[in-house]
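The values are calculated or read from the model by the stated rules, or taken from the named source; none is laboratory data. Model, not experiment: these values are computed from the prediction. Cβ atoms come from the backbone with ideal geometry, glycine included; neighbour counts cover every protein chain shown. Ligands, DNA and RNA are excluded from the accessible area calculation, which covers all protein heavy atoms including side chains. Shrake-Rupley method; radii C 1.70, N 1.55, O 1.52, S 1.80 Å.
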Amino acid sequence: VYTCYPESALFDECYAVEIDCITDYEFEGNTLTNYFGRASSVTLPECLRITTIGPTAFKNNRSLKTIDLGESIYAINDSAFFGCNKLQSVVNSEKVKRIGNNAFSNSTIANIDISGAEVIGSSAFLNCTNITNIVLIGKPEINTLVLNNSAFKNCTGLESISYKGTLELDEEVFM
């Protein structure tokens, strides 16, 4: 585990592009493992070269409303945003290919583009009552989108789902 400190080379690189709050992040390799900040809006700095949001990285964060994933995140792991009770929007999420189990469970998320997803884990959006529309555009290179058990269970505000392609559904995906 590596926490970015001011004396590190990565700090110098981020500082050069005017990112000065990287001490809010803890990461291992290309995985963000923990976020310590209290900002309501977070943009993940490209200079950190993060490709994955690790398990529980933002779990139960009480201030986060919007997160911009940037251009390089392709996986959101298990319980990454579990219980984020103010989270409303995830920006630049269309490149995410894998959304882990319970990734957004019990959060207040309302807006997320999951059109690039190939796998959505069990209970990924469990109890996300603010989601009203799900658009899964589907990409030609993706033959099948896998929706695991209870992926959208208890999303009581859900009004419409659009998908172009083949779906592989486990049990109780939308119940």
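Some observations on this one:
- Meeting the requirement of 1 or more residues that are closer than 14 Å to SER89 by Cα, among the polar types (S, T, N, Q) and open to solvent by 60 Å² or more (accessible area, probe 1.4 Å), the strands (runs of 3 or more DSSP E) wholly within region 100-175 are 133-136.
- Check on LYS97, open to solvent by 60 Å² or more (accessible area, probe 1.4 Å), touching a Phe, Trp or Tyr at 6+ places or on another chain (Cβ under 8 Å) and more than 22 Å from LYS65 (Cβ to Cβ): yes
- Among the conditions (1) open to solvent by less than 40 Å² (accessible area, probe 1.4 Å); (2) of a type in the set (Asp, Glu); (3) in contact with a Lys or Arg (Cβ under 7 Å, 6 or more places away or on another chain), ASP68 misses just one, which is (3).
- Within region 71-90, tally of residues that are more than 27 Å from GLU168 (Cβ to Cβ) and crowded, with 17+ Cβ neighbours inside 10 Å: 4
- So SER122, is it among the hydroxyl-bearing types (Ser, Thr, Tyr) and at pLDDT 95 or above: yes
- Any pair with Cβ under 6 angstrom, 6 or more apart, that starts in region 100-112 at a residue that is within 17 Å of SER150 (Cα to Cα) and ends at one that is acidic (Asp, Glu): GLY100/ASP78; ASN101/ASP78; ASN102/ASP78
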